[in-house]
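This report refers to the structure that appears directly beneath it.
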Amino acid sequence: MICTKEMDMAKGTDYYGRFMDYMKMYHENDLDGCCAQTDGKGDRLKRPSQQADPDQYVHIVEERDDGIIVSGFKMSITQAAYADEIFVLPTRALMEDDRDYAVAFAVPGDWEGMTLITRPVWLREKDEPDCAPFCKYGVSDSVIVFDNCFIPKERVFMCGEWEFGRRLALLFADSHRHSYSGCKPGVSDILCGVTALAAEANGIQKVSHVREKLSEYAGAAELAFAAGVAAAVFGEKTSSGVFFPNTIYSNVGRRLTGELIYHEYNTLTEIAGGIGVTLPFSEDFEYAPLKEQLERFIVRNPNFTPEESLKVWKLVENVGASPMTAWYEIAGVHGGGSPIMETIALGIEYDYDTRKNLARYLGGIDKEFDDSPDIEREPTFGDGLMTERQDFKE
Ligand SMILES: Cc1cc2nc3c(=O)[nH]c(=O)nc-3n(C[C@H](O)[C@H](O)[C@H](O)COP(=O)(O)OP(=O)(O)OC[C@H]3O[C@@H](n4cnc5c(N)ncnc54)[C@H](O)[C@@H]3O)c2cc1C
C-alpha cells in the first residue's frame, strides 16, 4: 500500500487502487500469505542485470496488455507450501539497467507456471500421537521457480519502476525486522524456560552462574521487545495512510537478536549438559530388559519422576539439538536480513553526525552545538512523501 501510493504520486501509475482492490479481496476471503522476496541471487557481487543467468532474479520477460510474463528463482520462502497467496517483491535496490527486475505481484499458491520445491524442517516424531506439543508443528521453506509464468494485470503492483526497488525491498525488510522484535523474544522465552527447567532437573537451579546466565535471556528478550514497542510508538504515517514502524528501533532490535541467537543456544547447552545429543531413543526406555535401569539412570533430581525426567531431556534434545534447532539458529541470523544488513541500514539512516557534533561541542572544538548537520546519505525513494513524522528527538 505504501509503495504503490508513492509510485502513483511520483510516476502517475495506478497501482494503489489496484492493490486496494486486491487487498479487499484478500480480507474478504480471509486469506493467508507469505512473502517471496529473496531471489536466488547467483553471483553476490553482481547486480540482477549483470548475472550470467538472468533467472537468478525474478524478472519480467514480456509485458502484455492483460498482464506480464515472469521467470526466475526465489529461495528460502517460508510457508509458501501452505499459503493461499504468495507475494513477490524485489530483494534489493535496483539501477536503471535492472528495470526488468523491478517487479512485484501476488499469485495464489498453486498458480500455473510456478513450481514450489519444498523442504519441511521437522523430520521425525510429529506423527506420533503422544508427541510433546513442541514437536507437533514444524515449518517448511521453498525454492520457487517461475517459468514464463503469466501474471494478470490486476495482480501486478510494480512493473519496471526500478527507482522504487530499494523502497519496496526495505519496506518488507524493515517491517519484518520489526516483527522479529516480537517473535524472536518468544524464541528467547522458550530457550529461557527450557534452560531453567533443565537446570532444575540437574538440581543446579540455585547455582549463581545459572542465575546469571538466565538473566541474559531476560536482557535479550526484553530489550528486543522494547525496541519493537518503541518502533511502533515512534512510527510514521505514510502518504498512503498506513503507519510504518520506526526503522532505527526496528533495525537495532533485530540486530541484537541476530547477534545473540547462538549465544542463547550455547547457554542451554552449557546448563543442560551433553544429554541433548546422547539421550537414548524413546524406544530404549520401553525395552523391557533395560527399562528399570534406564528409569533409574535418567533421574538427576528426585523431585522429578522418571517419566518427567525423560520428558525434560527429550525437550532439551528437541529444542537444542534437532533439525528445528538449526532452523531457528540460522533463521535467527538471516531471517529478515542478517545483522550486517541492519548495520548497513543503520549506516544509512542513523544520525551519527549530530552525535559527532555534540562531541565537538563538548570537547570545546566548536563553540555552538550544531544539532542539524547536512547529512549526506543515499536518497531513499519515499523520503519526503511521509505526511507525518513524529519528532522523537524532542
Ligand atoms: C529460515 C529462513 C527463513 C527465511 N524465510 C524467508 C521468507 O519467508 N521470505 C524471503 O523472502 N526470504 C526468507 N529468508 C531469506 C533471508 O531473508 C535471507 O537468508 C537473508 O536475506 C540472507 O540472504 P542469503 O541467504 O541469500 O545470504 P547471502 O546474501 O548469500 O549472504 C551471505 C553473506 O554474503 C554477504 N553478501 C551478500 N551479497 C553481498 C554483496 N553484494 N557484497 C558484500 N557481501 C555480500 C552477506 O552480507 C552475508 O555475509 C529466510 C531465510 C532463512 C534462513
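The numbers here are math on the coordinates, done by the rules we state, and not lab data. Just so we're clear, the structure is a prediction, and the values are computed from it rather than from any experiment. As a convention, Cβ positions derive from the backbone with ideal geometry for all residues, glycine included, and neighbour counts pool all protein chains shown.
Details
- For the chain, the Cys residues with no second cysteine's beta carbon closer than 4.7 Å are C3, C34, C35, C149, C159, C183, C192.
- Nearest 10 degrees, 0 to 90: helix 165-201 Cα axis against the chain principal axis: 10
- Long-range Cα-Cα pairs in segment 170-342 (distance over 21 Å), rounded percent: 55
- Net charge dipole size for the chain [Lys, Arg +1 and Asp, Glu -1 on Cβ; Debye, nearest 20]: 940
- Evaluating 6.51 cos²θ - 1.76 cosθ + 1.60 at θ = phi - 60° for every residue in segment 247-258, the Karplus couplings come out as 6, 5, 5, 4, 6, 5, x, 5, 5, 4, 5, x Hz, glycine and proline recorded as x.
- By the Cα gyration tensor, segment 32-160 has an equivalent ellipsoid whose semi-axes, rounded to whole angstrom, run 31, 17, 11 from largest to smallest.
- Rounded Å value of the spacing that divides the Cα centres of segment 80-150 and segment 154-173: 19
- Once the Cα atoms are used to define both axes, helix 339-349 deviates from the longest principal axis of the chain by about 40 degrees.
- Across K153/K237; K237/K367; K291/K314, pairs whose alpha-carbon gap is larger than 26 Å: K153/K237; K237/K367
- Counting other Cβ atoms within 10 Å as a rough exposure proxy, the listed residues K367, K5 run K367, K5 from fewest neighbours to most.
- The convex hull built on the alpha-carbon positions of the chain has an orientation-averaged projected area of 25.1 nm².
- Kirkwood-Stokes translational diffusion coefficient of segment 123-270, alpha-carbon pairs, 25 °C, 0.890 mPa s, µm²/s: 131
- The calculated 222 nm mean residue ellipticity attributable to helices in the chain amounts to -15500 deg cm²/dmol, summing -39500 (n - 2.57) over DSSP H runs of n ≥ 4 and dividing by all residues.
- Alpha carbon centroid spacing (whole Å) that separates segment 30-68 from segment 335-374: 35
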